[in-house]
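The values are calculated or read from the model by the stated rules, or taken from the named source; none is laboratory data. Since the structure is predicted, the reported quantities are computational estimates derived from the model, not experimental observations. Here the Cβ positions follow ideal geometry from the backbone for every residue, glycine too, while neighbour counts run over all protein chains shown.
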Amino acid sequence: MSTPYDQHIEELLGAYRRERAQVGELQARMREVKASVTAPRQALKVTVNAQGEVTEIAFPTGAYKRMAPVELSQLLLTTIQKARSKATADVAEVLSGHLPEGIAAGDLLQGKADLGGLLPDAPPMPDEVREYIEHGRPGRGAGGPRIGRPPIA
């Protein structure tokens, strides 16, 4: 027979397992993101993955044959950048709703998000733990000498 405490622990473990499964599903959805962009006149098509790495460059028509090398180079760079931007937006859409309030997925993916506010300056903890951290633990006897903290490795 389980106690209310045991039931509460089981509920917490169940919630944790569900959250872990959701994170796994979220990661799988992010890995599946691919973005393709076709340049004007269908001179070329670029596909990138979720990290923005080029996975395919195709030339659907012969339009590229009539382009000067510099023009083709610029078109290629521009199309890659557009595909990367599209992939970032698609990943941000997958992430939306799964981040803490105040953190924009696009900003996070571009390294622009301020992550400092996610964690407090000091972690929440019981007073006894804070006392131990600040002063060491008391000795065994009442009013006995305090025993210092072990060194942090």
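Listing for the model above:
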{"item": "Q110 vs. criteria of a type in the set (S, T, N, Q), without any contact (Cβ under 8 Å) to a residue 24 or more places away in the chain and farther than 25 Å from E25 by Cβ", "result": "no"}
{"item": "Residue list for the stretch 44-59, restricted to those being in a loop (DSSP other than H, G, I, E, B) and in contact with a Pro (Cβ under 8 Å, 6 or more places away or on another chain)", "result": "L44"}
{"item": "Verdict on E71 being at pLDDT 95 or above, in a helix (DSSP H, G or I) and loosely packed, with under 14 Cβ neighbours inside 10 Å", "result": "yes"}
{"item": "Residue in the stretch 76-88 that is exposed (fewer than 15 other Cβ atoms within 10 Å of the Cβ), in contact (Cβ under 8 Å) with a residue 24 or more places away in the chain and hydroxyl-bearing (S, T, Y) present", "result": "yes"}
{"item": "Some residue of the stretch 43-60 being free of Cβ contacts under 8 Å to residues at least 24 places away in the same chain, in contact with a helix residue (DSSP H, G or I) (Cβ under 7 Å, 6 or more places away or on another chain), surrounded by 10 or more Cβ atoms within 10 Å (Cβ to Cβ) and at positive phi", "result": "no"}
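To keep it simple, each residue is scored yes or no on (1) within 30 Å of V91 (Cβ to Cβ); (2) at pLDDT below 80; (3) touching a Cys at 6+ places or on another chain (Cβ under 8 Å); (4) exposed (fewer than 11 other Cβ atoms within 10 Å of the Cβ).
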residue	(1), (2), (3), (4)
A105	yes, no, no, no
L109	yes, no, no, no
D121	no, yes, no, yes
V129	no, yes, no, no
G141	no, yes, no, yes
